[in-house]
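Peer 1: Starting off with a structure, shown below.
The values are calculated or read from the model by the stated rules, or taken from the named source; none is laboratory data. None of these values were measured; they are calculated from a predicted model. Ideal geometry is used to build each Cβ from the backbone, glycine not excepted, and the neighbour counts take in all protein chains shown. The area values use the complete protein model at the heavy-atom level, side chains included, leaving out ligands, DNA and RNA. Shrake-Rupley method; radii C 1.70, N 1.55, O 1.52, S 1.80 Å.
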Amino acid sequence: MMTLSERIRQCRQQAGLSQEQVAELVGVSRQAVAKWEAGTSAPSTENLLRLAGIFGVSVDSLVPQKASPAPCAPCGATPQEASPAPAREAAGTAGAAKRALLRLLACAGCYLALFLLLKLLFGDLPQKSLLGWLFEPGSSDYLFGWLLQRKLFWLCMGISCLAALLGKTRFAAVTVICFAAGLVLGQLFGPNPTGAPYGHGHYGWAIWGGVFLLSLVMGGLLERLHRRGIPLRSRQGALWAAATVAGWVFVVVFVQLSKLR
């Protein structure tokens, strides 16, 4: 009886696809596909459905059977006959485009939800119209108003959304989380009533900036862990999370010490 890992490898080879190509079509790393074929891990139900669609077979034909394994295409046809390469590639491209669009919308939705929440909490009352209230940079909160006036809010949104569109989901998620965390930490620890040094009365901008710049580094590291097939729920993933939080603490402490100079 052929195992699931052997069936995946057999169908991939008969389809004329490399592990990298299968990984790109499924939306996982090449290492994940290699582990599936080595039998050290198994694809999730969702990924199993995607594999079946890519190979042009049913899910049942991939799952180990007591009887002799069915051919990788209906009625003994080759994958090319059952699912021509152009059609298979078109289906894979359409699926990848749909997933990219969903990632983009999810990322943009997070920023817009945060924008509306902050507008409701700190935005000046609308003087003329709803649109004017939405797009005017005025805010009773120093940090939020500073981000809007300098267009940094929308710049960071563009960075995160571009990463999501390009498939760097983890990088995008880290930048979104750190953007929000930087706002909270900057609001809590940024005010400086004494106004010293440098004549500033609020250091929220420095805390937020440090946390967001940290997110660019930590997001890149998380993407690297993912490419190596290392899950977040692992020792390396836990170390990454601890380093990220430690980075936030370092930024806050550094800015607080700067106030005392």
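Peer 1: List the residues whose amide H sits under 5 Å from the amide H of LEU166, counting only those 5 or more places along or on another chain, with H placed 1.01 Å from N in the peptide plane.
Peer 2: Long-range HN contacts for LEU166: none found.
Peer 1: For HIS202, list long-range residues whose amide hydrogen, built 1.01 Å from N in the peptide plane, is under 5 Å from its own amide hydrogen.
Peer 2: Here the answer is ASN192, since their amide H atoms fall under 5 Å of that of HIS202.
Peer 1: Longer than 23 Å from Cα to Cα, which of LYS35/LYS168; LYS119/LYS151; LYS119/LYS259 are they? Say none if no pair is.
Peer 2: LYS119/LYS259
Peer 1: Round to the nearest 10 and report in Å² the accessible area of PHE212, as given by a 1.4 Å probe over the protein chains' heavy atoms.
Peer 2: The value for PHE212 is about 10 Å².
Peer 1: Moving to a separate point now. Output the Kirkwood hydrodynamic radius of segment 187-247, Cα pairs only, in Å rounded to one decimal.
Peer 2: Taking the inverse mean of 1/r over all distinct Cα pairs, segment 187-247 comes out at 13.5 Å.
Peer 1: Still on this structure, I have one more. Can you tell which of ILE230, GLY210, ALA181 lies farthest toward the positive end of the dipole of segment 149-261, using +1 and -1 charges on the Cβ of basic and acidic side chains (Lys, Arg; Asp, Glu)?
Peer 2: ILE230
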